[in-house]
Amino acid sequence: DVLVKSGILKGTSDISGAETIRFELYDVFDLNGSPSTLAFSTDGKYLYAAIDQTVQKWDLPERHMIETITIASGRPLSIGVSPDNRKLAVGDSEGYLHIWNMGQNKKALTVETDAGTISSIVFNPDLGSIAIAGDEETIYVLSLITGKVTAELEGHEEPVNSLAFTPNGKHLISASSDLSTRWWDVNTHKEKKALTESTDKLLCMALSDDGGLVALSIVDVLIDLMRNRRTDERHIKIRNTVTGEEIRSLDGHEKDITTLDFHPDKRFLASGSIDDTVRIWDIQKGEMVTLLELNEDLICVRFSNDGKWFAAMSADKKLTVWKLR
């Protein structure tokens, strides 16, 4: 009601969904290697985990790994699944982009890019292109048919750490270590707008499924010269993507928040930290509703597209999966 009265939302249905969310532990899988990232298949049946120089495919209903893909050129650091669930994309530490046709179980493309370490991959919903970012300032957009670069988006002054397309595919949103979040017009390849945070670090970003909200992990560094002491304060900022206004600031993590993901109905947000916890936030209430404690630093958290599963990958080489009720 407060958000509606302030004009940020048109109605309370803009952040809707279940009034509560319950996590039921499903299984804990041993990964037998150093993990880096996760991605669900669009139908929620499979979970892809990047481990060492492989991508493992896990069948969740059957509770076991069914396929291992070896990435010869480097360590896989980013995974993307196309909206139609027909293509799998993997970016590695040597700047190679690999794309498979999943139904045919056949590699379609391997492209050597100039992105350096490819740390972020996202498919355009129109299924014609894919965007990647690595350890540099430039964002590359490539054709899914030819693998050729169709655009280079330049404007960030430090490496880009997160990418997301809006649901209509018209805009690409990027977040960078330069403390800015930028909106790019996909057709003109021009920057449409930018927001710069008044903070010391911007670690990662997540976009809600409807494109209406963006969540940012930030760190404020406070220096007490009198006591010769430094204090780092971690926050999650929730912004309206249309107005840019801050809707919420969520506080509670004791160490850096390294991974964020929205529940499909956008009312709930998951955050994972190197404080060994996953926190589930009710954005409408502005408070934490669930605390999941693990044994090691969180590397990646993901909700499935249907909202029935939640997975967390941690540094102790564990993949923990919950069913959502």
As an exercise, take the mean of 1/r over every pair of distinct alpha carbons in the stretch 100-207, invert it, and state the Kirkwood radius in angstroms. 14.2 Å
Lysine pairs in the stretch 35-185 with alpha-carbon atoms under 18 Å apart, 8 or more places apart or on different chains: how many are there? 9
Please list, or write none, the lysines whose alpha carbon is within less than 18 Å of the alpha carbon of residue 285, excluding same-chain residues fewer than 8 places away. 5, 10, 237, 266
Carbon plus sulfur fraction of accessible area for the chain, probe 1.4 Å, in percent: 43 percent
In whole Hz, the Karplus estimates of ³J(HN,Hα) for the stretch 147-162 (6.51, -1.76, 1.60; θ = phi - 60°; x where Gly or Pro) are x, 7, 6, 9, 7, 10, 9, 10, x, 5, 9, 9, x, 8, 10, 8
P(r) tail for the stretch 125-264, what percent of Cα pairs lie past 28 Å? 21 percent
Rg/Rh over Cα atoms for the chain, Kirkwood Rh, comes to 0.95
Provide 237, 323, 308 ordered by accessible surface of protein heavy atoms (probe 1.4 Å), highest first. 308, 323, 237
Summing -39500 (n - 2.57) over the DSSP H runs of n ≥ 4 in the chain and dividing by its residue number, what mean residue ellipticity at 222 nm do you reach, to the nearest 500 deg cm²/dmol? 0 deg cm²/dmol
Kindly report the accessible area of the stretch 169-325 per residue (heavy atoms of protein chains, probe 1.4 Å, no ligands, DNA or RNA), in Å². 43 Å²
Length-normalised contact order for the chain - Cα pairs under 8 Å, 6+ apart - percent: 14 percent
Rolling a 1.4 angstrom probe over the protein heavy atoms, how many square angstrom per residue are accessible across the stretch 57-145? 42 Å²
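The values are calculated or read from the model by the stated rules, or taken from the named source; none is laboratory data. All of these numbers come straight from a predicted model, not from anything done at the bench. The protein model used for the area step is the full one, side chains on, heavy atoms only, and it has no ligands, DNA or RNA in it. Shrake-Rupley method; radii C 1.70, N 1.55, O 1.52, S 1.80 Å.
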